[in-house]
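The structure appears below as structure tokens.
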């Protein structure tokens, strides 16, 4: 998940330097309620009475990977434009109204979904539902608002990507990993295509995808389904159903040749290596495979006691960081990644060789029952921590529902993790950690003469 | 941290859709703060909340930030923060980390400019082991050679990374220019040279000087009773030395007023950081300045700066300002990132907004909207035990009193147009802004 309309730091782009723990988590204890409106809009309510506050979100099951060819960036650009005016709310007022009522709002776009949210006092729920449902059907866009916003997006792209060689390499590695599938295109879009996006492109996108049968309403906090239902019917239920949307994206061909992308820049402060493998996602994996991959990422590289860190950073003292991650939340393909960065003075090549040796060792020896037990218990604990905030539950559930999963999947997450066996982890490792289905990305410092 | 998320409202008469506008601030919901004092004399604030079986504990040592690093040992406080959980008592680094993982406890330390902080969260069910590990780390860190070398490598790697990060380059140059010959002007992570000199003895000296009961502040939220907490406080903090020995940091005002500094980097977008002196957290005008800042550049989408820079002209993705108070200095800062060709225009607009507010203050509509936002959004932050503990800690650090949460709305509501006009005139001095630009801004050179 990448661009927010606005955020505090340039996040996103997983550069090879960061040790990432695979996205957790959830638990059988969010206990959401769910119902369907007549127009096909799903509604989920997650009661949480801790404070008189609600988090109101609308998720559209459309993201960057659904964009027309040649229009890259339109999903994210359009997300920005949703904050312009409607027939009854003047341009730029949306967020100001929320703020005046003491609320916070924002939005984010990924390959698979686009989500809008407000966090407000519970007595403002009616207001935000009115505003959010209004812009689902009544948005008004003219060049006067659209064109300056396109400049804003281009500046956003400069901040996130063009100013940062690590991000530029990440874009190149995604483009290399996917041979055919639109996940190869960055969520924010290619610069030359963003520059050409028009008001008409935005309106076409809006008409096609911003319909109730393509949306999910999620409200968490001091409210329950009984209270929410009449409001949901009043504001969202009256919006006519749109055309049926089928998400049937093109598939990857077999991956027969491993890829390698390299970048050397004077703007690189710290060299790094990453290897990203094509994997199944929660939605496409068979049986327990996605859960097994999550456990694998935890055991292999999810903490400072994991295999990679122990070997590369502690024992061999070659790397300053080393980790593994698994991105399971995707409609079509997941990605399994490894990354490491050398200790000062250690050549990158040495770290690469050591990293490959660890993968080989993993594939040969597998993981142990003890490692499995330890990883599972810490992952299951993360599900309890996820309940200690108003924001985690709606985000986890929204992500699941917009990438082809169900509430039951989310609720059974700890049980599924607990059910993973050593054999399943080892089989998943062998199935996914194949060089021919991967891209290796090398980021180097460019010095005056030569590299590295 | 830059507050780019929050928003402000500045126009009333434009909402036919919304017939009724409720301008009353959200009442601060029942946050019941108990003051707990352990048999050993350790004090803490507690918000007991049994809804989720977790306990969050945040603490700070008031005089242990990076500003206290001895000359030539810059980076020490950050190094200690990274080393405390790398082995303690009988447990080697890996053994400690493994036990921590087995308890699923979350433990981290950090050093800001002025303070040394810890943040801890555990499942109620595992609290015995988790508190034992916390106590061990704080009281008996080992600082073994091998982990010291490893962490040094990580810090040096991070310094090298920062050396190419436009935001970090800008911040470093700004503080260096504003605070020459003062600890606030030094890089918080240290330099490669200074970090290389750090040894176990330095870390132990740091613990002796700064990790002591006389500068300790503790805040707790979650599923723990006052009686249980009393025991935990003594277990964790009771055997720390009674007194530390931090040196004094001199009071300082920023210099380099009015200077522009260009740091040449071959990047398509310049990162700009600007600022001049501000006001301290303890200053009686703090709340006035808070409301003023929200309107000028702290209010996200509808601050004046966002309106002029982003909404009207599409010059940047973000532009912001913030009050930045330290214990011994006060700053009012801001930032923007824009294509090299548009830096000059952006700075012109920003300076004009600075001047406009200094001369004319704000409008009644802006003031009303800022107040409802500031008061209404405040309770939204209290949605997890960790965030509640973190707020309780900040309230204690700033000596705001146990009734602060109840008092705060009226402090904000008391701010008048005349107050803002007075404070803006004093605070906002466009000619005094020190501007650091990292990039290749067109048509701008460093002040000679």
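The values are calculated or read from the model by the stated rules, or taken from the named source; none is laboratory data. Quick caveat: nothing in here was measured; it's all calculated off a predicted structure. Backbone-built Cβ (ideal geometry, glycine too); neighbour counts: all protein chains shown.
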Only one of (1) crowded, with 24+ Cβ neighbours inside 10 Å; (2) at negative phi; (3) assigned to a loop (DSSP other than H, G, I, E, B) does not apply to residue A:90, and that is (1)
Scanning segment A:368-389 for residues that are at pLDDT 90 or above and in a loop (DSSP other than H, G, I, E, B), the one farthest from residue A:418 (Cα to Cα) turns out to be A:388
- Item | So residue B:236, is it in a helix (DSSP H, G or I), within 14 Å of another protein chain (Cβ to nearest Cβ), in contact with a helix residue (DSSP H, G or I) (Cβ under 8 Å, 6 or more places away or on another chain) and farther than 28 Å from residue B:166 by Cβ | no
On the given criteria, is residue A:389 under 20 Å from the mean Cα position of the chain (by Cα) and over 24 Å from residue B:53 (Cβ atoms)?
no
Residue hits (segment B:376-395; away from chain A (no Cβ under 11 Å) and surrounded by fewer than 23 Cβ atoms within 10 Å (Cβ to Cβ)) are B:390, B:391, B:394, B:395
Scanning segment A:256-293 residue by residue, the ones that are within 30 Å of residue A:374 (Cα to Cα), assigned to a strand (DSSP E or B) and away from chain B (no Cβ under 14 Å) total 6
In segment A:342-360, anything in contact with a helix residue (DSSP H, G or I) (Cβ under 9 Å, 6 or more places away or on another chain) and either free of Cβ contacts under 8 Å to residues at least 24 places away in the same chain or away from chain B (no Cβ under 14 Å) (or both) is listed as A:345, A:354, A:355, A:356, A:357, A:358, A:359
*What about residue B:373, is it touching a helix residue (DSSP H, G or I) at 6+ places or on another chain (Cβ under 8 Å) and more than 30 Å from residue B:224 (Cβ to Cβ)?*
yes
Only one of (1) away from chain A (no Cβ under 14 Å); (2) surrounded by 18 or more Cβ atoms within 10 Å (Cβ to Cβ); (3) in contact with a helix residue (DSSP H, G or I) (Cβ under 9 Å, 6 or more places away or on another chain); (4) within 22 Å of residue B:118 (Cα to Cα) does not apply to residue B:224, and that is (1)
Counting only residues that are surrounded by fewer than 21 Cβ atoms within 10 Å (Cβ to Cβ) and under 19 Å from the mean Cα position of the chain (by Cα), segment A:396-416 contains a total of 5
The one condition residue B:423 fails out of (1) within 14 Å of chain A (Cβ to nearest Cβ); (2) assigned to a helix (DSSP H, G or I); (3) under 30 Å from residue B:178 (Cβ atoms) is (1)
Per the filter on segment B:245-267, residues exposed (fewer than 15 other Cβ atoms within 10 Å of the Cβ) and more than 30 Å from residue B:65 (Cβ to Cβ) are B:264, B:266
### Task
Would you check if there is a residue in segment B:207-215 being touching a helix residue (DSSP H, G or I) at 6+ places or on another chain (Cβ under 6 Å), touching a residue at least 24 places away in the same chain (Cβ under 8 Å) and buried (at least 20 other Cβ atoms within 10 Å of the Cβ)?
no
message = Among the residues in segment A:72-89, are any within 7 Å of chain B (Cβ to nearest Cβ) and over 17 Å from residue A:199 (Cβ atoms)?
response = yes
Among helices (runs of 4 or more DSSP H) entirely within segment A:127-211, at least 1 residues that are closer than 14 Å to residue A:74 by Cβ occur in A:143-157, A:191-194, A:199-209
Residue within segment B:126-143 that is within 9 Å of another protein chain (Cβ to nearest Cβ) and either under 20 Å from residue A:385 (Cβ atoms) or at pLDDT below 95 (or both) present
yes
Picking from B:288, B:295, B:309, the residue that is touching a helix residue (DSSP H, G or I) at 6+ places or on another chain (Cβ under 7 Å), facing chain A (nearest Cβ under 10 Å) and touching a residue at least 24 places away in the same chain (Cβ under 8 Å) would be B:309
So the helices (runs of 4 or more DSSP H) completely within segment B:320-414 holding 2 or more residues that are over 30 Å from residue B:68 (Cα atoms) are B:343-360, B:364-377, B:404-413
